[in-house]
Amino acid sequence: MMLSRAKPATSQAASSPAKESSKKKKKLPKLEDYLTNRDYTGAITLLEFNRSSGKGSEEVDMWIAYCAFHLGEYKRAMEEYQSMTKRDGCHPDVWVNLACCDFFLGMYKEADEAAQKSPKSRLQNRLLFHLSHKVSQNSDFNDEKRLMHYHQNLQDIIEDQLSLASIHYLRSHYQEAIDIYKRILLDNRDYLALNVYVALCYYKLDYYDVSQEVLAVYLQHYPDSAIAINLKACNHFRLYNGKAAEQELKTLQEMASPSFTFAKELIKHNLVVFRGGEGALQVLPPLIDVIPEARLNLVIYYLRQDDVSEAYNLIKDLEPTTPQEYILKGVVNAALGQETGSREHLKIAQQYFQLVGGSASECDTIPGRQCMASCFFLLKQFEDVLIYFNSIKSYFYNDDTFNFNYAQAKAAVGNFKEAEEVALLMQNEKLKNDYTYLSWLARCYIMNNKARLAWELYLKMETSGESFSLLQLIANDCYKMGQFYYAAKAFDVLERLDPNPEYWEGKRGACVGVFQQIIAGREPRDTVREIVQLLRNTSNPQVEYITRTIKKWAKDNRVSLQS
């Protein structure tokens, strides 16, 4: 049996007015729509389709290069512009646009040559202004007179003022940049992107909470902005921790399409930082000449791995221009100087620290005060070290590295009680096993009449050159402080390890000292048995005379010498 249809299969649907109207509403996408939505990938796809369909023109090529530039694909944009320059009668703007691509690729010489070929314009002046700022081995790009020439050509228009603000930013004049941005924002509230620049300046000034507030204004309108989300992640890293920062970047990665490449290197770089250096050797080396901070963070990674020589090789040729670069060069030279015993490197480090700590812009900042403390630390002027440490200690209560140095400074001026308290706050096992830490803590224990704790530090150590040095410190400091029992034990071990007559003399004096303390009632009488045994460990004629005296006292006072 055939099933009959009550209604035709297609005629009604085809002629439905609703369907007809919906079809009329569907339009082919236009270039303007893509550009308005900042969908540069879609725009390029449309433009390339037009070009491959025989609808290509110089205007299409210009738009393709424009979209590639805004996607961060500067090499592709450069190639498009280069091909245009080879044509007869190319558009005059091509040369300055090519120069912009070269600039973003770090090809400053090529950028300068291309910019000089373009007709004079506001953009050309701004570009040459920035090129004059760039530091290079070629003196042409580090010429202050040239910089001032293009500076004088700037006008009181928004583009030129933004260019001036960016130079202030690059020269670490963050407040001056903020002033310009805020002045422009007063008259142009709809220039929302300026909030990102202001937030970035506040970030550089260490006002991370203020940076977050300003940044939120922009993110409310553009929650998918790569630059804004990255800055928010950096603020979270400073305010909270790496996990919180990484979570923000994951949000960006989830939103991004596979073709999304803008700020890709920056995000990869920052993820390494947020993860405490994980993957540093795979990610950072290729980015050294792309992201300025990549070199600095790789140096920090090497320092954390105790590879001081690699850190030094990476930074030795860097001419510092920012406080961070001066500080890092100081830290590397200080580490190398201490590791190799080089006074020259220690002097260089001290000079770098003094330069930063004494500068007008850094003297009242936390890093500036840390630098002055480090400078005086290397000069062994510990009273001055404590002046600076005391002014910033509230910011570093749980910072093991700070407490490590703070305790040393306290102990160096004789404040052993507080030095012990600070040293015991530390949690980092690597630092707590460092000989410098152990030796200072042992000295603090001894000076605070806790020689037993110092002796226990030695017992936990494996036999090595460092344990021998700690033993010498315990023996001498205990003797000096009248804690003769542990001085005698330490000198006894030293004498067995190295039959030096000085160790016998030290042990002899310490044993006699303990015997005196026993007689005076300041040591338990039972200790006399151990003292006799320590003396008998030495084959010296004086042993018999001393032990005879001790035995006589023990017999008179009914103290058994049998263990």
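The values are calculated or read from the model by the stated rules, or taken from the named source; none is laboratory data. As the structure is a prediction and not an experimental result, all values here were calculated from the model. All Cβ positions, even for glycine, are placed from backbone atoms using ideal geometry, and neighbour counts span all protein chains on display. When the accessible area is computed, the model is the full protein with side chains, heavy atoms only, and any ligands, DNA or RNA have been set aside. Shrake-Rupley method; radii C 1.70, N 1.55, O 1.52, S 1.80 Å.
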In terms of Cα to Cα distance under 12 Å, which aspartates and glutamates are near enough to residue 120, apart from those fewer than 8 places away along the same chain?
93
Can you pull the percent of the stretch 87-134's accessible area that's carbon plus sulfur, 1.4 Å probe, other chains left in place?
52 percent
Arranged from highest to lowest average of other beta-carbon atoms within 10 Å per residue, in what order do the peptides 413-423, 31-41 appear?
413-423, 31-41
Does the stretch 224-307 come out rounded, prolate or oblate by the C-alpha gyration tensor, with a ≥ b ≥ c the root eigenvalues, rounded set by a/c under 1.5 and, if not, prolate when a/b is larger than b/c and oblate if not?
oblate
Please list 3J(HN,Hα) in residue order for the stretch 438-454, calculated via the Karplus relation 6.51 cos²θ - 1.76 cosθ + 1.60 where θ = phi - 60°; whole Hz, with x for glycine and proline.
4, 5, 5, 5, 4, 5, 4, 4, 5, 5, 9, 6, 10, 4, 4, 5, 5
Residue-averaged [θ]222 nm for the chain, counting only DSSP H segments that reach four residues, each worth -39500 (n - 2.57):
-21500 deg cm²/dmol
Accessible area of the stretch 327-382 with a 1.4 Å probe: how many percent of it is carbon plus sulfur?
53 percent
Would you mind checking the tilt of helix 194-204 against the longest principal axis of the Cα atoms of the chain, expressed as 0 to 90 degrees and rounded to 10?
10 degrees
Under 17 Å Cα-Cα from residue 134, which lysines qualify once same-chain neighbours fewer than 8 residues away are excluded?
109, 145
Taking the stretch 179-277, the equivalent ellipsoid from its C-alpha gyration tensor has semi-axes in Å, biggest first, of 24, 17, 10
Given axes a ≥ b ≥ c from the Cα gyration tensor, I'd like to know whether the stretch 420-504 is rounded (a/c under 1.5), prolate (a/b larger than b/c) or oblate.
oblate
Here, residue 463 and residue 448, labelled 7 Å along Cα→Cβ, have an inter-label distance in nm of 3.2 nm
Please work out the C-alpha center-to-center distance from the stretch 393-439 to the stretch 508-560 and express it in whole Å.
38 Å
Which lysines have a Cα lying under 25 Å from the Cα of residue 552, excluding residues fewer than 8 positions away in the same chain?
489, 507
By per-residue mean of other Cβ atoms within 10 Å, what is the highest-first order of 225-235, 263-273, 515-525?
225-235, 263-273, 515-525
Report the charge-dipole magnitude of the chain in Debye, nearest 20, computed about the Cα centre from +1 at each Lys and Arg Cβ and -1 at each Asp and Glu Cβ.
1680 debye
Take residue 117, project a point 7 Å from its Cα along the Cβ direction, then tell me which residues of the stretch 79-96 have their backbone nitrogen under 12 Å from it.
81-96
Using only the alpha-carbon atoms, how far is helix 343-357 inclined from the longest principal axis of the chain? Give it as 0 to 90 degrees, nearest 10.
60 degrees
Nearest 10 degrees is fine. How inclined is helix 501-519 to the longest principal axis of the chain, computing both from alpha carbons?
70 degrees
By average C-beta atoms within 10 angstrom, highest first, the peptides 403-409, 108-114
403-409, 108-114
Considering only protein heavy atoms and a probe of 1.4 Å, how much of the accessible area of the stretch 505-563 is carbon and sulfur, as a whole percent?
45 percent
For the stretch 345-468, place one equal point scatterer on every Cα, skip the solvent, and apply the Debye formula. What is log10 of I(q)/I(0) at q = 0.10, 0.14, 0.17, 0.22 Å⁻¹?
-0.35, -0.64, -0.89, -1.24
Using heavy-atom solvent-accessible surface (probe 1.4 Å) with all chains present, what is the largest-first order of 217, 283?
217, 283
Rounded to the nearest whole Å², what accessible area per residue is found for the chain with the 1.4 Å probe?
58 Å²
